[in-house]
Structure formats: structure tokens, C-alpha cells
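The values are calculated or read from the model by the stated rules, or taken from the named source; none is laboratory data. Everything numeric here is computed off the predicted structure, so don't read it as measured data. With ideal geometry, Cβ positions are generated from the backbone for all residues, glycine too; neighbour counts draw on all protein chains shown.
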Amino acid sequence: MATIASDNRGLRLAVRYAVLILIAVIFIFPLIFMVMSSFKPDQQLLNDTGSFAAFLPVGDISLDNYADAFKRAPVGLFIFNSVLVTGVTVILSLLICSAAAFAFVFVDWRGRELVLTAILATLIVPFETIAIPLLLIASKLPWLGFDGLTFGWLNSYQVQIVPFIADGLTIFLFVQYFKDLPGELIEAARVEGASWGQVYRKVVMPLAGPVLATAAILKFLVMYNQYLWPLMVVQQEGYRPVMVGLQYFFQLNRAWGEIMAYLSLITVPVLAFYLFLQRAFIASIASTGVKG
Amino acid sequence: MARVSLDGIRKVYGSTEVIKGVDIDIADGEFCVFVGPSGCGKSTLLRMIAGLEDISGGTLTIGERVVNDLPPKDRSIAMVFQSYAIFPHMTVRENLAFGLTIAKAPKAEKDAKVAEAARILKMEHLLERRPSQLSGGQRQRVAIGRAIVRHPGVFLFDEPLSNLDAALRVDMRMELAKLHADLGATMIYVTHDQVEAMTLADKIVVLDAGVVQQIGSPLDLYHRPANLFVAGFIGSPKMNLLKARVEGVDATSVKLASADLGTLVLPRANAGVSRGDEVTVGLRPHHLATASREQRVGSQPTGDQRTGEQQIGGTVKLVERLGNETLAALTLASGQQLIAALPGDVDVSIGEALRLAPQPERASLFLSSGAAVN
Ligand SMILES: Nc1ncnc2c1ncn2[C@@H]1O[C@H](COP(=O)(O)OP(=O)(O)O)[C@@H](O)[C@H]1O
Ligand SMILES: [Mg+2]
């Protein structure tokens, strides 16, 4: 009996792993294809697609495509722009949205239910519907920058950052997480003399590791993949992010090798960063031991 | 050090009144326990004293100050929560020092106060640990330690022992009693467990449905419950409450009768009842004794028993032998159950007809309104 049961378990485990590996392969092969193709000349790249060679570094392998991609477009600038816009937005978003959620969950004030409901309602409004009005507003807003007071935010970093700092989904994530924190912990801090700001900084945020990681990853993906909005508000190359930069490679002649090289440049570092963050994320859950 | 005084304290949530005008005076250095069934408003009352809930009405004084509108930190209180509420991301030392860190106290003062609290609670060796590396009892100590570090005038405890297992609870109860003796601070302690209340308190406040039922010392409440609620709540096993009718009243006694009691004469002067009144008699299980052997054997009342000795007869349904005593549950003539606490080696068995002798001078008497008659 026991051996049959354990055989069964072994079999089930094998099937589970087989399915997981299959799924992993389905997801990873396009990436491998992209990276491998980026090292190949266009002609070989197209020929290889019919065979398994498409996934192998074989034939005429070189970094030529990367060199050409940098010649065709200011790739480094685009990556810098995207990293800057994404990084600043993620950090500000985590600060602002967590502070907002803190006020919704822990501080008692008139109308908070109503305001929270209104914010959550924005979750069902697709960005495309507000893009045009937002463009009109952004084109008229004042900005106090290095060259004094100016009007109109088009062609800037702030136009890509500010509209995305506060959003319903991130606030919602923090609200849900904060609601599950033991209320007595916050009350204990209050009795000990902590102000709301101190409760936020010294008690709530140090325990928010998991939700910070989740919110950061989601925000990062949204921001790094921005396309429609920067296309609308940025006409100058100087502020252009990576996804809009992809246009450069679809213009006159379609150079597949260069496209693959560009895509590899903008995705592989992100993947690596994501994997790293996920590690840190799991470690942070394991170490805070919030469950206790 | 501080006295605490509640004067007409009320709490209203929306349209429901949860605390209905409570007056309590707690002397400096007193150990006061709020006890009552779950949902009666004990925590709400304590949280109003702490400043964690707004006070809807009345005046709260701590020390010499009215503190109704002061934030918790300015009330000279420290609180220990049921869930311990120690910060999981900080070491024990950081937890203990939290309030001082917030107040930006100098490091030397912090170290000294943390060391003092750790010494009092014997947890010097745990200071660098994290809460996840502590047992339940140790976590509770950290929570108490954090309160000690504040040197508050008043310690507030909300069911601090209810998450501990039974053996640990008894130990911690004794430690709390010792802590109170050592520190001499005012302590207010909330529990639903009347044993905790009886063992710890100088003064017990019995609450039910947001109303104070009685305030007094443990023995006051035990011997002179003010009403049926307190009578049933304080004491373990519970006081037996039997319905009866007043048969006659004279200058020194009240004569009662019912199917269960036969006739029972209580020695009471000016009882304030009159013939025909419906009343309730309270008999503590520990105030019932077995009648003599011969009388037990001749199980039928014969009418010629020794005058003056009154008896209650019933059938034994359950016997619990605890060693030091034996609890017997009897079913009386009317079907009502009666519990008696008898000597540990008493000779009773299930199904036996047993006759018990009450001690009329120790019985309690309640009017139909529930109020006790003195
Ligand atoms: N925030 C609240 N809103 C409405 N009713 C509440 C709230 N908090 C407590 N109550 C009610 O007040 C009563 C007393 O609660 P509580 O003080 O927690 O009781 P206890 O601690 O004695 O068990 C309960 O009936 C509870 O439902
Ligand atoms: Mg409670």
C-alpha cells in the first residue's frame, strides 16, 4: 500500500514538473529566439526560423546588429529616459500611494469611505478614454524648472511621470495590505507616543515589504512599457522612452537583426532586475515574519 | 502614580449606546479589574481611558487632570494588549525602547530604563532577539516590559493572558500580582475570567451590557452580590439560584417555600419582602453539605427530622471528582439542577438520592427585580 501511494505521489510530481517545464519552455523560447537572432545577419536569421537553429547560437555570430542599432537610434538615451521616468515614478508612487492608503485605513476622517470609493472607481476607466483630456491639461500646466516658470508640459520628463504617480490600483493594493495589519500594533505605537507620521515610517512601512515589492513590480511594468502617452506628449528625441524608440526600426527598411538587438537591450536587463527583485521579495516576506 | 476617576462615562456608536453612564473611582496604586461577559463593553471602557476611543459623554480624570481630549501619550498611561502588539520588525530591545526612541530620549536613559525593565521581567538574555524567536509567554513579557519602560501612572491591560495556555496563565497571573506589589502603580485590568478577577483585584467592577452591576472587593462580591447577575457571574461553580415564594416574615426571619426547598427559614431582619412575594434564593455550591448518613439512607423526608435542620433532596446526575473536592450535580423535584461542592472523598454515586443541608445564614435573597435583599 505504502509503496503504491508513494509511487502515485512520484508520478503526480513528475506530471506536475513536466507541465511546469512545458509552460516555462513556451514562455522562454521566444526570448531565446530574440536573443539568438540578435547575433545573426538578417539573411541567416530568416533562414533559421524554419529549424531549431533559430534557438541556437550557430552560423555567422557577431555583435554587428548591436553596433548598427546604436548607429540608427540613440539607444542609450532611450534606455536612460525610460529608466529615469520609470524609477522616479515607481519611487514616488510607492510613497504617495502608501501614504494615501495609510490615511484611508488608519486615520479617522470625515468622508474617507466616499473618497476611497471614488478612487477605486477610477480602476474601471481605461487610460485611452482620458488620454486626450489629459493631453489638453498637460499642454497648459505651469512648471517651475531650471529655466523659470514655463507653461505646457509637452516634451518633458514630468509629463511622463506626474500623471502616473497616484493610481487606484496601487492605492487599492496598499489599502488591502494595511487592513490586514493587526490594528493593535498601530494602537500600541500611538499609546507609546508616535505621531501618525511616525506610525507610518516606523511601524507600517517596515512591515509593508511584500506589498511594496508587488506594487513596485506592477508599476515598473506599466511605466517601462509606456507607449501611447509618450507618443502623444513627446515629440523631441531627447525625452523619448524605449518603447517609442522601437519606431526607429520599423521605418524604411525593416532590419530584423537590429530590431532583435534593440529588443534584447531593452528587455534582458529588465528581466534580470525582475528576477532579482523577486528574490528580495520572497526573502523580505520570510524575514519579517508578519504572521507571528 | 495616579488615581483614575470615571464620571458618567458614555460611549455611543452611531445610534447604539455601548457604555451607559459609568461611574468608577480607582485609588492611586489600586489594582482594579473590569470583569463581565464578552461584548459587555470592558474593552471599550479601557480604550476610552487609554484615549484610543473618543468619549461620548462624561468626565475622565487621571491624576488631577481631566484627560477627555488628550491624546494617549499625554495621559500617563501604558497599555498591554491581548495580541501583545509587539513590533515584529524590531528586536526586543528596540521594542522596549520604542516610546523613548519616539520621545528622542538620550541613549543612556534608554539603556538604563530598558535594563531595568528587563531585570524586573528576567529577560536580559532575550534583548537581541526578534519577536518571531520568542514563545507566547515571552512575547507577553515584552509587551509588559514596554509598558514598564514608560513609567506610567496607570497600567492598562486588556485580557493580557487569554492567548496563553492554562499553566502559563496561572504563572503570569502571579507575576502580575508581584509586579503590582513591586511597582505600586495603579493598574486597570480587563478580563472575562472571574477567577483572574478574584485573584488579582483589590477592586472588581462587574459590567453587563454597558452598565456597572457592582463595584467591590472580591470577597464583597462573593458574599454580598448586589444582584442576580453578579451572583451568577462571580464564584465557581456558579451560585445555585432557586425560585421560591415568601410564606411568612417576622422580626428576625423570612420563611420561604417551594417544591425544591420544602420550607427554608432565612435568619434576616427587615428583609423588605412580604408574604406572597416571588423571590430567588442563592445558595453557593460550597455552602451545601451532605446531611447525616442515616438521613441519607432513609431517603424519603419523614417529617420528624431534627428541628432546625433544613434539607434539600434530589437525585445525583453527575459526579466530578477533582481530588480536593467533589462536585455533584443534582436534579431537584421541579427538574431544576443544583450543584454542590462536597469533600473530596465523599461517598456519592450517580443515581443516588441525596439530601443536602443548606446554611440559611449564608444564603442570598433576591427580589423578582433581580436586586439583592440585605
Ligand atoms: N467600532 C464599533 N462600532 C460599533 N460597535 C462596536 C464597536 N466596537 C465595539 N462595539 C460594540 O460594543 C460592544 C462592547 O464591545 P467590547 O468593549 O469590545 O466588549 P468586551 O471587550 O467586553 O468583550 C459590543 O457589543 C460591540 O459589538
Ligand atoms: Mg474585549
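The set of residues from the stretch B:307-323 being loosely packed, with under 12 Cβ neighbours inside 10 Å and either within 17 Å of B:ILE339 (Cα to Cα) or modelled with pLDDT of 90 or more (or both) comprises B:LEU322, B:GLY323. Filtered by the rule that a residue be over 19 Å from B:LEU126 (Cα atoms), among the polar types (S, T, N, Q) and touching a residue at least 12 places away in the same chain (Cβ under 8 Å), the stretch B:75-114 gives B:SER76, B:GLN82, B:SER83. Could we say that B:ALA27 is within 13 Å of ligand 1 (Cβ to nearest atom), under 30 Å from B:GLY235 (Cα atoms) and of a type outside the set (Phe, Trp, Tyr) here? No.
Restricting B:SER38, B:SER56, B:SER43, B:SER15 to residues that are within 16 Å of ligand 2 (Cβ to nearest atom), away from chain A (no Cβ under 14 Å) and among the polar types (S, T, N, Q) narrows the list to B:SER38. Among the residues making up the stretch B:202-225, those that are more than 16 Å from ligand 2 (Cβ to nearest atom) and either under 22 Å from B:ILE19 (Cα atoms) or in the same structural domain as B:VAL281 (by TED's automatic domain parsing) (or both) are B:LYS203, B:ILE204, B:VAL211, B:VAL212, B:GLN213, B:GLN214, B:ILE215, B:GLY216, B:LEU221, B:PRO225. Checked against the criterion of being buried (at least 21 other Cβ atoms within 10 Å of the Cβ), of a type in the set (A, V, I, L, M, F, W, C) and under 11 Å from the mean Cα position of the chain (by Cα), the candidates B:LEU200, B:LEU242 yield just one match: B:LEU200. Has the stretch B:39-53 got any residue that is assigned to a strand (DSSP E or B), more than 13 Å from ligand 1 (Cβ to nearest atom) and buried (at least 17 other Cβ atoms within 10 Å of the Cβ)? No, there is no match, as no residue in the stretch B:39-53 is assigned to a strand (DSSP E or B), more than 13 Å from ligand 1 (Cβ to nearest atom) and buried (at least 17 other Cβ atoms within 10 Å of the Cβ). Among helices (runs of 4 or more DSSP H) entirely within the stretch A:182-253, having at least 1 residues that are under 26 Å from A:PHE172 (Cβ atoms) and facing another protein chain (nearest Cβ under 10 Å) singles out A:183-191, A:209-224. Of the residues making up the stretch B:81-107, those that are more than 7 Å from every other protein chain (Cβ to nearest Cβ) and either β-branched (Val, Ile, Thr) or part of a helix (DSSP H, G or I) (or both) are B:ILE86, B:THR91, B:VAL92, B:ARG93, B:GLU94, B:ASN95, B:LEU96, B:LEU100, B:THR101, B:LYS107. The conditions of being within 11 Å of chain A (Cβ to nearest Cβ) and over 18 Å from B:PHE98 (Cβ atoms) are met by B:GLY136. Of the residues making up the stretch A:35-67, those that are surrounded by fewer than 17 Cβ atoms within 10 Å (Cβ to Cβ) and among the small types (Gly, Ala, Ser) are A:GLY50, A:SER51, A:ALA53, A:GLY59, A:SER62, A:ALA67.
Looking only at the stretch B:2-14, residues that are more than 10 Å from ligand 1 (Cβ to nearest atom), outside any strand (DSSP E or B) and not basic (Lys, Arg) come to 1 in all.
Comparison of B:VAL92, B:VAL114 shows that the only residue that is surrounded by 15 or more Cβ atoms within 10 Å (Cβ to Cβ), within 30 Å of B:THR61 (Cα to Cα) and in contact with a Leu (Cβ under 8 Å, 6 or more places away or on another chain) is B:VAL114. The number of residues in the stretch B:131-164 being free of Cβ contacts under 8 Å to residues at least 60 places away in the same chain and surrounded by fewer than 20 Cβ atoms within 10 Å (Cβ to Cβ) comes to 9.
Is there a residue being within 12 Å of chain A (Cβ to nearest Cβ) and either among the polar types (S, T, N, Q) or assigned to a helix (DSSP H, G or I) (or both) anywhere in the stretch B:116-129? No: zero hits. Taking the stated definitions as given, is A:ILE32 surrounded by fewer than 10 Cβ atoms within 10 Å (Cβ to Cβ) and under 30 Å from the mean Cα position of the chain (by Cα)? No: the conditions fail for A:ILE32.
The single condition among (1) away from ligand 2 (no atom under 16 Å from the Cβ); (2) without any contact (Cβ under 8 Å) to a residue 24 or more places away in the chain that B:GLU30 does not satisfy is (2). Please work out which residue is farthest from the chain's Cα centre (by Cα), limiting yourself to the stretch A:138-160 and to residues that are closer than 16 Å to A:LEU228 by Cβ and part of a helix (DSSP H, G or I). So the residue we want is A:ALA138.
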